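See below for the structure under consideration.
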């Protein structure tokens, strides 16, 4: 029972967050500063999610050539920058990871 | 050629709907493995199969479902679980603010529907579409097409993961597709010094603050990144 209440509450909060400005735009006036800040939301927020995936393993920062995820991620960043193509980016990153893991382990 | 032109003029809504589906399809390469891994993970930490699937419908936000399932496995108090999901999904409020100006003329039932479908991926392709020049009157159908596609694929892939259970070996490292998807979404959008500064500072702060409880480091890092972007923009 408690597990159901938990996901329903979490779901309502998530839905309310998504609806907030869509439903109340104009009524809750957005400050000018915030409007300018919105341009930086995708680069800042999305990077926050993937950087730790590349650099952190079991709670520790790993900055070495032994970090297969970091190397594969750097290759994927290069591919994304040159091709702007989602599929090339994911495929090249996964192939790099598998090859590196094969050699390092 | 002529037939296709008149089709677009006659059925602009349908045309937008299918364009939305087409735009979001490449992103499924990251979404499908992620959904499957979520399903596998949830079942393996002891979340009942029906609850794991219900989370995909009720919460419908991958990273937070992932974390929430792990918290269920660790038996943390419900309040902490709920708060953690909310913090991880706060970024959707920023998406909401960013896309709201384009949805204002829509009837309320459209707003409720599109609000439910506002995910990372649907936002990413729809905001680009809205920012392009052209007739804005039917672009909600593009959003609906991309959002419904993502919703359907997410439900099916989490169901597949739940069904597969623990039979996919972790040595495949399929969870890495999450990071790769975000790289593919972020990197092409970095076009000047300010957005590069926002991304780099946010990412580095996120790594440094990673061990803060409740993923609060993620929120702090996002805000710092946005601030750095604003400062760099004012300089230039």
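The values are calculated or read from the model by the stated rules, or taken from the named source; none is laboratory data. None of the values given here were measured: they were computed from a predicted structure. No Cβ is skipped: glycine too gets one built from the backbone with ideal geometry, and neighbour counts run over all protein chains shown.
Could we say that residue B:38 is surrounded by 24 or more Cβ atoms within 10 Å (Cβ to Cβ), more than 8 Å from chain A (Cβ to nearest Cβ) and in contact with a helix residue (DSSP H, G or I) (Cβ under 8 Å, 6 or more places away or on another chain) here? Considered against the rule, which asks whether it is surrounded by 24 or more Cβ atoms within 10 Å (Cβ to Cβ), more than 8 Å from chain A (Cβ to nearest Cβ) and in contact with a helix residue (DSSP H, G or I) (Cβ under 8 Å, 6 or more places away or on another chain), residue B:38 comes out as yes.
The residue that is surrounded by the most Cβ atoms within 10 Å (Cβ to Cβ), among those in region B:195-219 that are more than 7 Å from chain A (Cβ to nearest Cβ), at pLDDT 90 or above and more than 13 Å from residue A:51 (Cα to Cα), is B:197. Within region B:87-94, is there a residue that is exposed (fewer than 15 other Cβ atoms within 10 Å of the Cβ), assigned to a helix (DSSP H, G or I) and at the interface with chain A (Cβ under 9 Å from one of its Cβ atoms)? Scanning region B:87-94 turns up no residue that is exposed (fewer than 15 other Cβ atoms within 10 Å of the Cβ), assigned to a helix (DSSP H, G or I) and at the interface with chain A (Cβ under 9 Å from one of its Cβ atoms).
Is it the case that region B:105-116 has a residue that's under 13 Å from the mean Cα position of the chain (by Cα), surrounded by fewer than 21 Cβ atoms within 10 Å (Cβ to Cβ), modelled with pLDDT of 95 or more and not assigned by TED's automatic domain parsing to the domain that holds residue B:226? Walk me through it before giving the result.
Residues of region B:105-116 under 13 Å from the mean Cα position of the chain (by Cα): B:115-116.
Retained after the next criterion (residues that are surrounded by fewer than 21 Cβ atoms within 10 Å (Cβ to Cβ)): B:116.
Next, only the ones that are modelled with pLDDT of 95 or more stay: B:116.
Filter once more, keeping what is not assigned by TED's automatic domain parsing to the domain that holds residue B:226: B:116.
Yes: one or more hits.
Among (1) part of a loop (DSSP other than H, G, I, E, B); (2) away from chain A (no Cβ under 13 Å); (3) within 29 Å of residue A:68 (Cα to Cα), there is one condition residue B:174 misses while meeting the rest; what is its number? The number of the failed condition is (2). Applying the condition of being surrounded by 15 or more Cβ atoms within 10 Å (Cβ to Cβ) and more than 7 Å from chain B (Cβ to nearest Cβ) to region A:50-71 and asking which residue is nearest to the chain's Cα centre (by Cα) yields A:70. I'm checking my understanding of the structure. Among residues of region B:168-191 that are touching a residue at least 12 places away in the same chain (Cβ under 8 Å) and over 16 Å from the mean Cα position of the chain (by Cα), which one is surrounded by the most Cβ atoms within 10 Å (Cβ to Cβ)? Checked region B:168-191; the qualifying residue surrounded by the most Cβ atoms within 10 Å (Cβ to Cβ) is B:174.
Check whether at least one residue in region B:135-148 is in contact with a helix residue (DSSP H, G or I) (Cβ under 6 Å, 6 or more places away or on another chain), assigned to a loop (DSSP other than H, G, I, E, B) and either within 11 Å of chain A (Cβ to nearest Cβ) or within 21 Å of residue A:16 (Cα to Cα) (or both), and report yes or no. There is no residue in region B:135-148 that is in contact with a helix residue (DSSP H, G or I) (Cβ under 6 Å, 6 or more places away or on another chain), assigned to a loop (DSSP other than H, G, I, E, B) and either within 11 Å of chain A (Cβ to nearest Cβ) or within 21 Å of residue A:16 (Cα to Cα) (or both). For region B:65-86, the set of residues classified as facing another protein chain (nearest Cβ under 7 Å) and within 29 Å of residue A:33 (Cα to Cα) consists of B:85, B:86, listed by residue number.
Do you know which of the residues in region B:41-58 that are at pLDDT 90 or above and surrounded by 23 or more Cβ atoms within 10 Å (Cβ to Cβ) is farthest from residue B:127 (Cα to Cα)?
The first filter runs over region B:41-58 and keeps only residues at pLDDT 90 or above, leaving B:47-58.
Within this subset, residues satisfying the condition of being surrounded by 23 or more Cβ atoms within 10 Å (Cβ to Cβ) are B:47, B:52, B:55-56.
Numbers: B:47: 35, B:52: 30, B:55: 26, B:56: 23 Å.
In this case the residue turns out to be B:47.
Please verify whether region A:21-34 includes one or more residues that are within 24 Å of residue B:91 (Cα to Cα), in contact with a strand residue (DSSP E or B) (Cβ under 6 Å, 6 or more places away or on another chain) and either in a helix (DSSP H, G or I) or touching a residue at least 24 places away in the same chain (Cβ under 8 Å) (or both). Checking region A:21-34: not a single residue is within 24 Å of residue B:91 (Cα to Cα), in contact with a strand residue (DSSP E or B) (Cβ under 6 Å, 6 or more places away or on another chain) and either in a helix (DSSP H, G or I) or touching a residue at least 24 places away in the same chain (Cβ under 8 Å) (or both). Residue B:101 falls short on exactly one of the conditions (1) at the interface with another protein chain (Cβ under 9 Å from one of its Cβ atoms); (2) at pLDDT 85 or above; (3) closer than 24 Å to residue B:40 by Cα, and that condition is (3). Exactly one of these conditions fails for residue A:79: (1) at the interface with another protein chain (Cβ under 7 Å from one of its Cβ atoms); (2) crowded, with 21+ Cβ neighbours inside 10 Å. Give me its number. The one condition residue A:79 does not meet is (1).
Filtering region B:184-194 to residues that are at the interface with another protein chain (Cβ under 8 Å from one of its Cβ atoms) and over 17 Å from residue A:86 (Cα atoms) leaves only B:194. Here residue A:74 qualifies as in a helix (DSSP H, G or I), modelled with pLDDT of 95 or more and more than 7 Å from chain B (Cβ to nearest Cβ).
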